[in-house]
Amino acid sequence: MLDLLRRGVKTWVAKALFALLVVSFAVWGIGDVFSGGLSSSVATVGERKIPAERFASALERETRTMAQRFGQPLDREMTQALGIPQRVLAGLAQEATLDEAVADLRVSAPDEAVRDAILADPSFLSASGGFDQAQYRYLLAQNGYSVEAYEALTRRALARDQFVRALTDGAAAPAPLVDALYRHQTEQRRVAFVTLGADQAGEIAAPDEAALAAHHEANAERYTAPETRDAVFLHVSLEAAGAGFEPDEAELRSMYEARKAEFDRPERRRLFQIVYDDRAAAEAALAKVEGGASFEDLLAERRETRADVDLGFVTKDEVAAATGEAAFALAAPGVAGPVDTGFGHALVEVAEIVPAETTAFDEAREMLAATLRRDHAIDRAPELAGEIEDRRAAGATLEEIAAELSLPLGSVTGVAADGTGATGFAADRAFLAELFAAEEGEERDFVETAAGEYFVLRVEAVKEAALRPLDEVRAEVEADWRAARTVEALEAKAEALVARIEGGEQLADIAAELGLEPETEGPKTRVQGWASLPPALVETIFRAEEGGAAFAPAETEEPAVIVAALVSIAPGEASEANAALRQSLERQMNQMAASDALTLFIAAKQAELGVTVNDAVIDAVMTSMPGG
C-alpha cells in the first residue's frame with residue numbers, strides 16, 4: 001500500500017488534488033478533534049456528522065482570508081452575499097463524503113506512510129533541515145492538536161488521497177476533443193477581400209419627411225441633449241492663494257546655495273567599453289583603431305553590439321577610477337586605453353561630450369522665486385479656504401465672500417456631465433463630479449483637489465435631458481439616415497456577391513467587374529490579429545468551408561462593407577510552440593476530466609448516503625460571527 005501511495009503521489013493530477021485536500025485542512029481546520037464548544041452538527045453525511053465548531057472554525061478562517069483579499073472586514077451580510085458559508089459547508093460535506101467512502105472500503109494508510117508525510121512537512125524542520133521533534137510538538141500545541149489527533153488526521157488525509165487517486169488516475173479527455181481545441185487555436189486561413197464603399201451603393205433617394213421623423217424617433221437617444229447645469233463657484237487656486245507674495249533676496253540666495261548642486265552640472269561623456277582578457281589583446285585592438293579601424297569594427301569581431309558595451313552618459317565619478325581617468329583625459333571624442341579594470345583590459349570610446357554647466361544666481365532667480373511662490377500658495381490655500389468657510393458659517397453668500405476677499409467668482413452655464421460646455425478649472429473631473437452630485441439650489445461643501453487647491457460651488461439651474469426637435473437636428477438626422485440606407489444597399493450587394501463566390505465565381509473576376517482591386521491577408525490563426533478584417537468577419541470566415549465567403553460592415557467612419565472569400569485552410573505549423581500548446585491543452589482537459597470524475601462520484605455518493613443540513617445551527621454560527 002505504501003508503494004501505491006508513493007507511486008500515485010508522483011502523478012500531477014494526484015498532486016493537484018492532494019494539494020487541494022491539504023489546503024482544505026489549512027482553510028477549514030480540523031475541529032472534529034476538539035471537544036467542547038457547540039455540540040450540534042451543521043450537517044450530516046450518511047452517519048458522519050459535521051460539528052458546528054468545525055464549520056465555525058472553517059467559516060472564520062475563510063472569511064478572514066477573503067477579508068484580506070478585499071482589504072476590508074466582512075460582516076455577516078457581506079459574507080452571505082459572497083456565498084462563503086455555502087462554499088465552506090459544501091467543502092466540508094465533500095470531505096465527509098470521501099471519508100465515508102474510504103471507511104466503507106476499509107482503506108487506510110500504514111504507519112510508515114504517516115511517518116514519512118510528517119517527516120517531510122517543512123513546518124517541522126529545524127534550521128539545519130532535519131525533523132525537529134520539539135518544533136513539531138510546539139506547533140501542534142499552538143494549533144490545538146494532540147500528537148495522536150494530528151497523526152490520525154494525517155492518516156485520514158493519506159487514505160482519502162489514495163482513494164481520490166484511484167478514482168481519478170487515468171482520467172483523460174477524449175482525443176477528438178483535444179484535437180478540436182488544438183485546431184481551433186492553430187488552424188490558419190488565408191482570405192481575399194474587397195471593400196465596397198459608398199460609391200458602390202448606387203443612388204440613395206432623398207428621404208421624405210416621414211422617413212426622417214421615423215429615423216429621429218427610432219434613434220431618439222442619439223439626438224437627445226444631455227442634462228446640463230449652471231453654477232457659480234469660488235475657486236481657491238494657487239494663483240489666488242499666492243497673490244501679492246514675493247520672496248525676499250536673502251531667501252532666494254539661501255535657497256540657491258542649498259540647491260547649488262542642481263545648478264552646477266559636471267561634464268558628462270557618453271562611453272562605450274570593450275573588455276579584453278589581457279593587455280596584449282587590448283593593445284592589438286587599439287593598434288587596429290590607430291590603423292583606421294572603427295569601434296564598430298572591433299564590436300563586429302566580437303559579435304557584440306553597442307547596446308552590449310554601453311556605459312551611458314556618465315560623470316567622471318560615476319565610473320571606475322581608471323576608466324574615468326582615461327576617458328576624461330581625452331580632449332575630444334575618441335578611443336582611450338588600454339585600461340586595467342580589474343576584470344580585464346578595456347578600450348573605452350568617448351562618443352559624445354557634454355560640457356560642464358553652471359547656472360548663475362541671476363539665471364536661476366525666476367525659477368527659485370516661482371518655487372517659493374508655489375510653496376507659499378500651498379501653505380496659504382487652506383488658510384484662505386478656512387476664512388471662506390468662516391464667512392459661509394456666518395451666513396455670507398459666495399457672491400459676498402468673493403467681494404470681501406477680492407476673489408474671482410466663477411460661473412458655468414450649460415455644462416454636461418462629460419465636460420461639454422466647460423472650460424478652464426470647470427472642466428476638472430473633481431468639479432464635474434461635485435456639479436452633478438448636487439441638487440438644484442444646493443451649495444456644496446469645500447473640496448480639496450489633488451493639486452492642493454480648493455473650491456465650493458452652488459448649482460443655479462438644472463436642465464433635464466430632452467430629445468432635440470427634428471428641425472434642430474435635421475441635417476444630422478438626414479446624414480445618419482443616408483448612412484443607414486447606404487449600408488443597407490451595400491449589404492444587399494455584398495450578399496449577392498457572396499452567393500456568386502460560393503457558386504464558384506472568383507473574387508478577382510468580380511472585383512474587376514466592379515472596378516476594384518482585391519486584397520489578401522493571411523495565412524493567420526483566428527487570434528493572430530487581422531489588420532483589415534473586423535473580428536466578426538474573422539469569426540465567420542473561420543466557420544466557413546473552403547471556397548466559402550462572408551461579409552461584414554467595415555470599422556470605418558464612412559459607410560463600407562467588406563466581402564471576403566476564403567482562399568485556403570491549413571493546419572497549425574509543426575513548431576515547438578504548437579507542440580507545447582497541444583500538450584498544455586491535453587493536460588488541462590485531462591485535469592478537467594479527473595475533476596469531473598471526482599465531482600460525479602461525490603454527487604452520486606451523497607445521493608446514496610443522504611445529506612441533511614441543520615439551518616438553525618448554521619444561523620446560530622452566523623449570528624455568533626463579528627458583526628452578525
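Look through GLY515, GLY529, GLY522 and report the one residue that is in the same structural domain as ALA552 (by TED's automatic domain parsing) and more than 40 Å from the chain's Cα centre (by Cα). Checking each option against the conditions leaves just GLY515.
For segment 289-317, the set of residues classified as surrounded by fewer than 16 Cβ atoms within 10 Å (Cβ to Cβ) and touching a Leu at 6+ places or on another chain (Cβ under 9 Å) consists of GLU304, THR305, ARG306, ASP308, ASP310, GLY312, PHE313, listed by residue number. Look through segment 117-149, keep the residues that are touching a residue at least 40 places away in the same chain (Cβ under 8 Å) and buried (at least 17 other Cβ atoms within 10 Å of the Cβ), and return whichever of them is nearest to LEU98 (Cα to Cα). Looking at the filtered set, the residue picked out is ALA117. From the list GLY46, GLY83, GLY29, GLY36, the one residue that fits, being in the same structural domain as GLN162 (by TED's automatic domain parsing), over 20 Å from ASP619 (Cβ atoms) and modelled with pLDDT of 90 or more, is GLY46. Being crowded, with 16+ Cβ neighbours inside 10 Å and under 30 Å from PRO553 (Cα atoms) is a property that does not hold for LEU585.
Listed here are the residues, each with its yes/no results for (1) of a type in the set (D, E, K, R); (2) out of contact with any helix residue (DSSP H, G or I) (no Cβ under 8 Å at 6 or more places or on another chain).
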| position | (1), (2) |
| --- | --- |
| VAL191 | no, no |
| VAL194 | no, no |
| ILE204 | no, no |
| ASP208 | yes, yes |
| TYR223 | no, no |
| VAL232 | no, no |
| GLU239 | yes, no |
| GLU246 | yes, no |
| ALA250 | no, yes |
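Taking segment 378-388 as the range and being charged (D, E, K, R) and farther than 16 Å from PRO408 by Cα as the test, the residues that pass are ASP379, ARG380, GLU383.
Does THR79 count as part of a helix (DSSP H, G or I), in contact with a strand residue (DSSP E or B) (Cβ under 8 Å, 6 or more places away or on another chain) and among the β-branched types (Val, Ile, Thr)? It is false that THR79 is part of a helix (DSSP H, G or I), in contact with a strand residue (DSSP E or B) (Cβ under 8 Å, 6 or more places away or on another chain) and among the β-branched types (Val, Ile, Thr).
Close Cβ contacts (under 9 Å, 6 or more residues apart or on different chains) running from residues in segment 425-446 that are at positive phi and part of a loop (DSSP other than H, G, I, E, B) to residues that are surrounded by fewer than 15 Cβ atoms within 10 Å (Cβ to Cβ) and acidic (Asp, Glu) comprise GLY441/GLU460.
Tell me whether segment 172-181 contains one or more residues that are surrounded by fewer than 16 Cβ atoms within 10 Å (Cβ to Cβ) and in contact (Cβ under 8 Å) with a residue 40 or more places away in the chain. Taking every residue of segment 172-181 in turn, at least one turns out to be surrounded by fewer than 16 Cβ atoms within 10 Å (Cβ to Cβ) and in contact (Cβ under 8 Å) with a residue 40 or more places away in the chain.
Considering every residue within segment 527-536, establish whether at least one is modelled with pLDDT under 95 and assigned to a helix (DSSP H, G or I).
As a first pass, look at segment 527-536 and keep what is modelled with pLDDT under 95: 527-536.
So of that shortlist, the ones also assigned to a helix (DSSP H, G or I) come out as 535-536.
Within segment 527-536, one or more residues are modelled with pLDDT under 95 and assigned to a helix (DSSP H, G or I).
Of the strands (runs of 3 or more DSSP E) lying entirely inside segment 276-379, those containing at least 2 residues that are touching a residue at least 60 places away in the same chain (Cβ under 8 Å) are 334-340, 345-354. Only a single item in (1) at pLDDT below 95; (2) part of a helix (DSSP H, G or I); (3) surrounded by 12 or more Cβ atoms within 10 Å (Cβ to Cβ); (4) not hydroxyl-bearing (Ser, Thr, Tyr) is not met by ALA214, and it is number (1).
The values are calculated or read from the model by the stated rules, or taken from the named source; none is laboratory data. If you're wondering where the values come from, they're calculated on a predicted model, not measured in any experiment. Ideal geometry is used to build each Cβ from the backbone, glycine not excepted, and the neighbour counts take in all protein chains shown.
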